[in-house]
Amino acid sequence: MKSKRYLLFPTEWPLVGMLPGIAARLCNHDAAAGNNWYEFLTSTLVASGHTHKICGPLASSMNFFLTCDPMNIRHIYTSNIANYPKGEGFAEILDIVEGTLLTTDGENWRWQRAMARQALARPELLTYLSCRCRDKVVEGLLPFLSHAAVTGTKINMDGLLGRLVFDLSTTLVFGVDPGSLSVDMPPMPASPAFDTIMDVAFFRQAMPTSIWKAMRWLNVGQERKLAEAQRLIHGFVLDMIKKNRDREREARLLPWTCCPSSRRTTLMT
């Protein structure tokens, strides 16, 4: 146990709620310096009995019920999921994934969930995932670690694992490896764009709806960053689709193998 205790519970101020304390923690997030946002959340949940309420500014959407209690999670996501809809406001905040499993409710959510479970249970997909994970470790991760060991290069494990997950996820969805995990560590314009989307989602939660909608209409501030991030992601998606089609044309001339990197398993139709 650490002798130094965290200031666990952010102070709830009039009008602005707990936003100042939460924003300070986010801005000072630095795992190497001991200011770890995730450790702070974990410590807060442990001290509060595994459940804690976070209150945001007045008239904002930033009101959260934070829990890691297995009984609560089972109650919300399994036993009584119909009593906990995400709502139209949540879908509006995450409009880039509007209509997907993350933002839908009711029958639409149940249908998408059933389709996703059916797709993820396919033996072909499991074989494909196993092959791609092995290939990525052998062709990407191990050469990178070997090069770092020979050159004495310090490794940012957070960035390294982020590149590994990014490549595997992109390969699963598009059938194309973007190759971000390599010795030369190429730039990843799409990855920061996804981070921007998450930042703007938090910003929208903390702001009254009328304010962030006005900023979107004026194309200023965080909403302007979101528009630029969406353009980057759309460009990345189109590029991956084009590369996948090019590989499929080439694959028609190649014999089928047990672990074809040029083919893809389609999750959604």
>> From zero outward in steps of 10 Å, how is the percent of C-alpha pairs of the chain spread across the bins?
In response: 6, 19, 29, 29, 15, 3, 0
> What are the residues whose amide H is under 5 Å from the amide H of Asn63, where those residues sit 5 or more places off or on another chain and H is modelled from the backbone?
Replying inline: Gly56
>> For the chain, what does the accessible surface come to per residue with a 1.4 Å probe? Please give it in Å².
In response: 66 Å²
> How much mean residue ellipticity at 222 nm does the chain get from its helices, if each DSSP H run of length 4 or more adds -39500 (n - 2.57) and you divide by all residues, to the nearest 500 deg cm²/dmol?
Replying inline: -17500 deg cm²/dmol
>> Relative contact order for the chain: what percent, with Cα pairs under 8 Å and sequence separation of 6 or more?
In response: 17 percent
>> Distance cut-off 28 Å, Cα to Cα: go down the list Lys86/Lys213; Lys136/Lys242; Lys86/Lys243; Lys53/Lys213; Lys154/Lys243; Lys86/Lys136 and report the pairs above it.
In response: Lys86/Lys243; Lys154/Lys243; Lys86/Lys136
> Label-point separation (nm) for Met198 and Ala214, each offset 7 Å from Cα along Cα-to-Cβ?
Replying inline: 3.0 nm
> Which whole-number percent of Cα pairs in region 120-202 have a distance greater than 21 Å?
Replying inline: 37 percent
> On the accessible surface of region 141-205, probed at 1.4 Å, how many percent belong to carbon and sulfur atoms?
Replying inline: 68 percent
> Just the Cα atoms of region 94-249, one point each, no solvent: what log10 I(q)/I(0) does Debye give at q = 0.13, 0.14 Å⁻¹?
Replying inline: -0.83, -0.94
>> I need the semi-axes of the equivalent ellipsoid of region 157-261: take the C-alpha gyration tensor, multiply each eigenvalue by 5, square-root it, list largest first in whole angstrom.
In response: 35, 16, 11
>> Can you give me the angle between helix 221-251 and the longest principal axis of the chain, using Cα atoms only, in degrees from 0 to 90, rounded to the nearest 10?
In response: 20 degrees
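The values are calculated or read from the model by the stated rules, or taken from the named source; none is laboratory data. What you are looking at is a predicted structure, and each value in this text was computed from that prediction instead of being measured. Backbone-built Cβ (ideal geometry, glycine too); neighbour counts: all protein chains shown. All accessible areas refer to the heavy atoms of the entire protein, side chains included, with ligands and DNA or RNA removed. Shrake-Rupley method; radii C 1.70, N 1.55, O 1.52, S 1.80 Å.
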